[in-house]
Amino acid sequence: MTYSRILVPIDYSDCALNALEYAISFAKETEAKLILLHAYHIPVPAAEATMSINSHLVDDFIKEGDEKMKRLFERYPELDHLVEAQKNVMAFATDAITSEINESKVDLIIMGTHGASNTFEELVGSNTLHIIRKSNIPVLAVPNEVNRFTIKEILFSYDYHSIDGKEIIQPLIDFALLFGAQIHVLHITDKLDRIHSGAISEAKILEQYLKDIPHQYHMLAGEHVESEILEYIKNHGIDTLAVMPRKHTMFERLFQSSITKQLVHHSKIPMLAFHS
């Protein structure tokens, strides 16, 4: 697959603007086009008011959205030649994003994530979490702490299950080829002498799938998967973490533990979530 059309949800927060800056760099690097999407909805009390009041409120929201988008283009002049479309729509963010995916046939979503928290929902924001889990296209979640664009070392932490064909990891392969990046495949077990034959067989299959891409395998022993991943990210200059939310049980392990804050917030790297 290609990454030629990128959807960038915008709510004008610092988090969203940081993700936009990342998307701009991505688009420049790949000659992709951006679709900027701002979603708004009428507050519930107002929605219960008369239609005439709603009409005025809608006009106000549209005007405010247009003004903010205009200031955005003034702040980032390069958007003039990178943006294919800019949209202000009245809808909940997740509904607007889902609709836009189908309407514009986008290849990738780049969204911002929030700072450290004790729960995954608060960490990446409920909108980002929802899109990651439901989207049928890759989502690149960019932490607010990311301050430069680089995709050269991708960590794919995987537990060696459900790789039934190359097409399952094709989004990861295409992503690595696009940037000439190296893929680090990391398997963590409680003890190295307990690595089962299935894991070894899966590793051999992955070797065939990744034969045309610079890659390396690492099998580490450790009781805490998440802390081992964090340590690997720090020690190997990893700039992107790749996960498979639907097929990948590691996804739930990563985002149901208290160490998630350290993994995503402290590692300060984007996360590519893709589905087979």
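Details
- Where labels lie 7 Å past Cα in the beta-carbon direction, separation of Glu207 and Leu57 in nm: 6.3
- For Leu178 and Glu78, the difference between the fully extended length at 0.36 nm per residue and the C-alpha to C-alpha distance is 33.8 nm.
Rule-based calculations on the coordinates, nothing more; no lab input. Computed from a prediction, not measured in an experiment: that's the story for all the values here. When we count neighbours, we look across all protein chains shown, and the Cβ atoms used for this are built from the backbone with ideal geometry, even at glycine.
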